[in-house]
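Here's the structure we're looking at; comments come further down.
The values are calculated or read from the model by the stated rules, or taken from the named source; none is laboratory data. Keep in mind the model is a prediction, meaning the values are calculated, not measured. Cβ: placed from backbone, ideal geometry, glycine included. Neighbour counts: every protein chain shown.
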Amino acid sequence: MDTREGGRFSSAAKAATPLAHVNKREGILLLVLAASSAVLLAVNFQAANWEWGGLIRAVVVALYLFVLCLVIVLLQQARKAHPRGFMTKLVAAFGFIVVSFLFFDLVWPRWVDPHDTHWAVTTLVAVLCAAPAGWCGVYLLRKGELWS
């Protein structure tokens with residue numbers, strides 16, 4: 001039994017360095033990605049109601065792909081340490097967007113005529129689908145340092 005003051009692991013705890021802080025820039029980029037995902041979903045859900053819906057959808061998908069590529073590159077530069085379990089939450093949040101898209105784009109129109117659904121309802125659904133990914137970005141914003 002160790003009789004030194006502070007216990008067996010006190011010196012190791014004092015010598016240990018804390019983990020690098022998370023980066024707020026990564027949180028901002030995740031918010032951009034979540035917001036662009038919400039816009040993509042909202043446009044996709046309403047495109048059938050617009051005269052030029054197919055063209056508008058194609059332009060929004062092209063812009064989304066550009067934003068996605070840009071965010072991926074910037075995320076690689078901004079990536080820092082994450083709290084334990086964060087990547088699991090992040091994968092689940094963006095997986096939720098994919099599952100929501102498949103449900104609301106393929107299954108929902110079978111029950112409800114898409115032309116009968118008000119734009120506010122489909123926009124709300126799109127925002128709620130992207131909300132978990134946005135929460136991941138907000139979490140990094142709250143915990144991180146901007147210029148680390």
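Rundown of residues vs (1) of a type outside the set (A, V, I, L, M, F, W, C); (2) within 22 Å of Cys136 (Cα to Cα); (3) outside any helix (DSSP H, G or I); (4) in contact with a helix residue (DSSP H, G or I) (Cβ under 7 Å, 6 or more places away or on another chain), yes/no style:
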site: Leu63; (1), (2), (3), (4): no, no, no, no
site: Phe66; (1), (2), (3), (4): no, yes, no, no
site: Lys89; (1), (2), (3), (4): yes, yes, no, yes
site: Ile97; (1), (2), (3), (4): no, yes, no, yes
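Only one residue in Val67, Val39, Val73 is closer than 20 Å to Cys129 by Cβ, free of Cβ contacts under 8 Å to residues at least 60 places away in the same chain and either in contact with a His (Cβ under 7 Å, 6 or more places away or on another chain) or β-branched (Val, Ile, Thr) (or both), so which one is that? Lay out the reasoning, then the answer.
Numbers: Val39 fails: free of Cβ contacts under 8 Å to residues at least 60 places away in the same chain; Val73 fails: closer than 20 Å to Cys129 by Cβ.
Just one listed residue meets the conditions, Val67.
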- Query: Among the residues of region 111-122, is there at least one that is surrounded by fewer than 14 Cβ atoms within 10 Å (Cβ to Cβ), in contact (Cβ under 8 Å) with a residue 12 or more places away in the chain and outside any helix (DSSP H, G or I)?
  - Reply: no
- Yes or no: Leu106 under 25 Å from Leu29 (Cβ atoms), in a helix (DSSP H, G or I) and either at pLDDT 85 or above or not hydroxyl-bearing (Ser, Thr, Tyr) (or both)? no
- Out of Ala12, Ala47, sole residue that is in a helix (DSSP H, G or I), over 16 Å from Gly137 (Cα atoms), modelled with pLDDT under 80 and not hydroxyl-bearing (Ser, Thr, Tyr): Ala12
- Message: Just checking, does region 74-83 include any residue being assigned to a helix (DSSP H, G or I), basic (Lys, Arg) and over 19 Å from Ala126 (Cβ atoms)?
- Response: no
